[in-house]
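One structure is given below, encoded as structure tokens.
None of the figures in this text is laboratory data; all of them are computed from the coordinates on show. These numbers come from a predicted model, not from an experiment. Note: ideal-geometry Cβ built from the backbone for every residue, glycine included; neighbour counts use all protein chains shown.
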Amino acid sequence: MIDRNHKLPISHQAKLLGLSRGSIYYQPVPFRESELSLMHRLDQLHLAHPFAGSRMLRDLLRLEGFRVGRQHVRTRMKRMGIEALYCQPRTTHPHRGHAIYPYLLRNLSMTRPNQVWASDVSYIPMAHGFVYLTVILDWYSRRALSWRVSVTMDVEFIMDALEEAIEQYGCPAIMNTDQGSQYTSDRFTQSLKNRDIQMSMDGKGAWRDNVFVERRWRSVQYEDIYLHAYETPSEVKQGLKRYFAFDNTSRPHQAHTGQTPDTAYFSLLPVAEVA
């Protein structure tokens, strides 16, 4: 939007677009190697001990030789989008002006594909830096319908994943997400409304509502990300492409008596949808 070669000064362009001049002139500063090492280990400790808060994580890091304070740990946890899994007053931070929708899955029996889809965003560490991953999952079959990787946690890559899933597999009856600002944004919610898809959101403080997706993130981290230590976002994409292909087509799931997600998903779809 900003044309640095235009005769109109950048400050005037920013004013016309309603943008802060600081956001235009700001140059991102890369993380130091020591910070990346800390964040990698913090993410590993969180996955191994999801109940641990900033105080316990600080102590665990100190035992391993990291010189870090609790406030620094809390800052990094917030940046990475991780927090302890326990019942607390506030586990998500929705945008103040966005509507929140009720959780619709309590006591709901999952009986078919495309009954409920779920989506979430996860932090993916690399050898140097990190990216974000979002996925659209079919709740019944555990099948990953689509996914996207992004260097920024905005609504764009979430919308790309949603549009791809709908284009390839049709619409679900219910879409379940957390209360993050990307999912409560007008763009995301209006897209669902236009297609008559019911919106369901994890309850505030009800961490169990999202455990199903959290388990998938744990599997992705331990079975692919940590084994390869990818160097670049493009390597992450190639690795996840292989991982999700294996998980969908070849991995048996106990939830379906050893069937793969592909088998569980496509076997119950109407013939017209499969075709």
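Counted residue by residue at 0.36 nm each, then reduced by the alpha carbon distance between them, the extension gain from residue 66 to residue 51 reaches 3.4 nm. Among 197, 225, 136, 10, the ranking by other beta carbons within 10 Å of each residue's beta carbon, starting with the fewest, stands as 10, 197, 225, 136. In terms of surrounding Cβ atoms within a 10 Å radius of their Cβ, 177, 232, 152 rank from fewest to most as 152, 232, 177.
Quick check: residue separation of residue 193 and residue 234 times 0.36 nm, minus the Cα distance between them. What number comes out in nm? List each step's numbers first, then the result.
On the way: separation 41, 0.36 × 41 = 14.76 nm, distance 3.33 nm.
In short, 11.4 nm is gained.
Sorted from fewest to most neighbouring beta carbons within 10 Å, what does the list 265, 183, 222, 243 look like? Intermediate results must be reported in sequence, preceding the final value.
On the way: 265 23, 183 28, 222 13, 243 20.
The order, fewest Cβ neighbours first, is 222, 243, 265, 183.
For residue 78, a cut-off of 25 angstrom between C-alpha atoms picks up these lysines, skipping any fewer than 8 places away in its own chain: 204, 237. Each 5 Å bin from 0 upward holds the following percent of the Cα-Cα pairs of segment 116-268: 2, 9, 18, 22, 21, 16, 9, 2, 0.
Could you work out the per residue convex hull volume over the alpha carbons of segment 29-86, in cubic angstrom?
Values: hull volume 4.5 nm³, N = 58.
Once divided by residue count, the hull of segment 29-86 is 77 Å³.
The slack between residue 111 and residue 256, meaning 0.36 nm per residue of separation minus the straight C-alpha distance, is 51.1 nm.
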